[in-house]
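Report on the structure given below.
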Amino acid sequence: MALLGSPKTAVYFDYLLHAAEAAAPSLGIEIVPGRIENDTTDIERVISTIADKPNGAMVVLPDSTTSVNSDLIIALAARHRLPAVYSFKYMVRAGGLMSYGIVAADHYRQAALYVDKILRGAKPADLPVQVPVRYETTLNVKTAKAFGLTPPAGLLVAADEVIE
């Protein structure tokens with residue numbers, strides 16, 4: 001499984017990579033770092049490399065580099081029939097296989113509340129760190145079928161949104 005992201009725009013890349021590598025043996029998988037250093041060239045190389053491995057898959061990390069290049073990533077994953085989990089629902093609506101990520105509306109609502117507090121005089125350093133409390137799963141059944149995959153019934157039931 002590849003972790004696709006840019007250490008330049010995803011400062012947590014190495015942290016997530018080490019966490020995935022630590023968990024991988026118990027899951028029976030091998031982690032392949034999918035570092036994007038030079039945008040499209042690296043994206044094509046990483047996806048091609050992982051697609052050549054038996055049972056290859058990837059997790060697309062949430063960062064500006066993967067977001068800006070999401071159309072290319074989705075197209076290459078489709079061309080190689082490479083299962084991928086994305087961080088944002090819009091990538092699944094654009095043809096990606098599935099996503100698991102924050103509920104964006106909640107995230108923006110939290111940001112707006114912070115802006116309001118700061119404009120009313122609160123010091124940013126005094127405000128607690130906020131973390132997402134809700135996550136959602138989106139599954140694209142049309143993409144799964146194109147990849148020759150049959151989503152498990154439990155996933156279909158548990159998904160917050162299923163795209164036919």
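The values are calculated or read from the model by the stated rules, or taken from the named source; none is laboratory data. Bear in mind that the values here come from a model prediction, so they are computed numbers and not experimental data. Backbone-built Cβ (ideal geometry, glycine too); neighbour counts: all protein chains shown.
Tabulated values for the structure
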item	result
Qualifying residue in region 56-64 (condition: more than 19 Å from Ser87 (Cβ to Cβ) and at pLDDT 95 or above)	no
All positions within region 117-130 that are exposed (fewer than 10 other Cβ atoms within 10 Å of the Cβ) and either outside any helix (DSSP H, G or I) or touching a Pro at 6+ places or on another chain (Cβ under 9 Å) (or both)	Arg120, Gly121, Lys123, Pro128, Val129
Test: residue in region 140-151 that is free of Cβ contacts under 8 Å to residues at least 60 places away in the same chain and more than 22 Å from His80 (Cα to Cα)	no
Filter result for Gly95 (without any contact (Cβ under 8 Å) to a residue 60 or more places away in the chain, within 24 Å of Asn55 (Cα to Cα) and outside any helix (DSSP H, G or I))	yes
Residue under evaluation Ile47, criteria (1) β-branched (Val, Ile, Thr); (2) within 17 Å of Leu97 (Cβ to Cβ); (3) out of contact with any helix residue (DSSP H, G or I) (no Cβ under 8 Å at 6 or more places or on another chain), criterion not met	(3)
Considering residues of region 1-46 that are among the aliphatic types (A, V, I, L, M) and touching a residue at least 40 places away in the same chain (Cβ under 8 Å) only, the residue surrounded by the most Cβ atoms within 10 Å (Cβ to Cβ)	Leu4
Wholly within region 1-92, helices (runs of 4 or more DSSP H) carrying at least 2 residues that are aromatic (Phe, Trp, Tyr)	13-27
Residues of region 131-144 classified as surrounded by 12 or more Cβ atoms within 10 Å (Cβ to Cβ) and more than 19 Å from Tyr90 (Cα to Cα), total	0
When residues of region 98-116 are limited to those that are part of a helix (DSSP H, G or I) and touching a residue at least 12 places away in the same chain (Cβ under 8 Å), the one nearest to Met58 (Cα to Cα)	Ala104
Criterion (of a type outside the set (Val, Ile, Thr) and over 26 Å from Leu155 (Cβ atoms)) met by exactly one of Tyr100, Tyr86, Tyr90, Tyr114	Tyr114
Considering residues of region 47-73 that are surrounded by fewer than 16 Cβ atoms within 10 Å (Cβ to Cβ) and among the β-branched types (Val, Ile, Thr) only, the residue nearest to Tyr12 (Cα to Cα)	Val68
